[in-house]
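To start, the structure itself, in structure tokens.
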Amino acid sequence: MKIYNDITNYKGKDCVATVGIFDGVHKGHQKILSRVIEVAKQQNMESTVFTLWPHPRQVFNPENDSLRFLTTMDEKLELLEKQGIDNVIIHPFNKEFSQLTACEFIKEFLVEKLKTRYLIAGFNHKFGKDQEGHYDNLLACGKAYNFELEKLDALTEEGIKVSSTVIREKILQGEIVKANDLLGYNYFISGHVMGGSKVGRTIGFPTANIQKTELYKLNTD
């Protein structure tokens, strides 16, 4: 998988793309990614994910430190690579970028720079200034810039729409088994092992104390 922190260095060929934050790369995301890869193979194109960093809420509400992610950027990239994606573009999000309309974003970034020929969107995906990039607008843009658009329905598990928000709630409520089921893998925390009081050894359950490397990573404590 090729990773681009600067879209000007992107040298990929015609692609099937999807756009989003993809926090957690959960089962709902995996459904989208699988479809991206499937269509890319059918069309002999590359599969491409366009994501943003930092998160828009970090830019518009920098004083609010309550935001927590299911995955750090490194963890997200690891999970995307496991899915089989060819290219990931991590585009810097700032206030200037946020003023692009949906069609301006599609024309300048997806069509002219990424050479997107097929765009796959999630059921509730919106982007562009004031989140105007809903499905009807995307359809109009697709006709104007000659790319195909496909919208996927939400993935549901036992009547629950799989989303990063729901999974965060499950983790915070201590429902880690359910969270893992919605993620499609066991939730994990990356970091450095730190020395502790070693009490666990005395009761037959040695543990590891992990110091998170990302302050915004959601903890299971």
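Coordinate-derived values only; no laboratory data. Everything numeric here is computed off the predicted structure, so don't read it as measured data. Glycine gets a Cβ as well: all are built from the backbone with ideal geometry, and neighbour counts include every protein chain shown.
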Which of 41/217; 115/143; 11/143; 95/115; 31/161 exceed 23 Å between C-alpha atoms? The answer is 41/217; 11/143; 95/115
For Rg and Dmax of the Cα atoms in Å, with candidates (1) 16.6, 51; (2) 15.7, 46; (3) 19.0, 68, the value calculated from the shown model is option (3)
Rounded to the nearest 5, the percent of DSSP beta bridges in the chain running antiparallel is 20
Contour minus Cα-Cα span, residue 145 to residue 129, at 0.36 nm per residue, comes to 3.9 nm
The simple spin-label model distance between residue 161 and residue 113, using points 7 Å out along Cα→Cβ, in nm, is 2.9
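Give, rounded to the nearest 20 debye, the magnitude of the charge dipole that the chain has about its Cα centre when Lys and Arg contribute +1 at Cβ and Asp and Glu contribute -1 at Cβ. Intermediate results must be reported in sequence, preceding the final value.
Working: 28 positive and 29 negative charges, 69 e Å.
Using only the charged Cβ atoms, the result is roughly 320 debye.
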Once the dipole of the chain is set up from charges on Cβ (+1 Lys and Arg, -1 Asp and Glu), the residue from the list 34, 145, 83 lying farthest towards its positive end is 83
